[in-house]
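Chemist: Quick one: the structure is below, and I'll ask about it shortly.
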Amino acid sequence: MTGQLWIIAAPSGAGKTSLVDALIATTPDLYVSISHTTRAPRPAEEEGKNYFFVRQDVFESMIQRHAFIEYAKVFDHYYGTEQSWVQKQLAEGMDVILEIDWQGAQQIKRLMPDTKSIFILPPSLATLSQRLEGRGQDKPEVISRRLKEATLEMSHCEEFDYIVINDQFEQALAELSAIITAQRLSTSRQVQKYGTLLQDLRE
């Protein structure tokens, strides 16, 4: 059975990483694709766990080799998803999450129309600002820039298949889990998984 490719996008500070980490921890056969990026690691980020951190010239060489299924430049840094890893996981029946922005989502949807997508929104701009400030990682001018970029990103949320509002963490996590479960129970997936049973029941 072929796995399902998922896109989960959100503006910076919406809580996407925490939600996806919790979703992965509670959902079997669901994995996050580790992206390549040219930005420097943030505190507590690990090579090969959060991202593959590479120099810009290395990233651009990978672009020339068509190694990425999608890539984009965000905040002056490249981010990209390596195609070979994703295809291997899907072929083995694993569901894969791509944590990418709306630009990458558009690229993926054109290449793989069966991809399902979820956009995570904050309950308000004020909450988003508080969350960014609460990180203690960025200077005020960086936070201001991220809020401006967030407005652009959120304007694309209606292009996605599902929208989840991350107001209460546990509720948002439950909604994400319900979306994954519903897709796994879709007729197309069930036919792949239980084709022999369905044939027997019709005889």
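Quick note: the coordinates plus some simple rules give every number you see, no bench work behind them. These figures come from a predicted structure and were not determined experimentally. Glycine gets a Cβ as well: all are built from the backbone with ideal geometry, and neighbour counts include every protein chain shown.
Chemist: Return a single number: how many Lys pairs in the chain, at a sequence separation of 8 or more or on separate chains, have alpha-carbon atoms below 17 angstrom apart.
Modeler: Values: Lys16/Lys49; Lys16/Lys116; Lys73/Lys148; Lys139/Lys148.
Value for the chain: 4.
Chemist: Within region 117-135, list the residues whose amide N lies under 19 Å from a label point set 7 Å along Cα→Cβ of Glu159.
Modeler: Of the residues in region 117-135, 117-122 have backbone N under 19 Å from the label point off Glu159.
Chemist: Still on this structure, I have one more. Out of all DSSP beta bridges in region 20-111, what portion is antiparallel? Express it as a percent rounded to 5. Kindly include the intermediate steps, with their values, before the conclusion.
Modeler: Numbers: 8 of 15 bridges.
Of those bridges, close to 55 percent are antiparallel.
Chemist: Compute a Gaussian network model of the chain, connecting alpha carbons closer than 10 Å, and tell me which residue from Asp101, Asp57, Asp21 fluctuates the most.
Modeler: Comparing Asp101, Asp57, Asp21 in the GNM, the peak value goes to Asp57.
Chemist: Given the -39500 (n - 2.57) contribution per DSSP H run of 4+ residues, what per-residue ellipticity at 222 nm results for the chain, rounded to the nearest 500 deg cm²/dmol?
Modeler: Details: 9 runs with 96 residues, N = 203.
Roughly -14000 deg cm²/dmol at 222 nm, from the helical runs in the chain.
Chemist: Please report, in debye to the nearest 20, how large the charge dipole of region 73-151 is about its Cα centre when each Lys and Arg carries +1 at its beta carbon and each Asp and Glu carries -1 there.
Modeler: Values: 11 positive and 11 negative charges, 45 e Å.
Computed charge dipole of region 73-151: roughly 220 debye.
Chemist: Using unit Cβ charges (K, R positive; D, E negative) and no other charged atoms, how large, in debye to the nearest 20, is the dipole of region 106-181 about its Cα centre?
Modeler: Numbers: 9 positive and 12 negative charges, 60 e Å.
Dipole size: approximately 280 debye.
Chemist: For the chain, the longest stretch holding no trypsin sites (Lys or Arg not before Pro) located in a DSSP loop with at most 16 other Cβ atoms within 10 Å is which?
Modeler: Numbers: sites that count: Arg39, Lys49, Arg55, Arg65.
The longest uninterrupted stretch comes out as 66-203.
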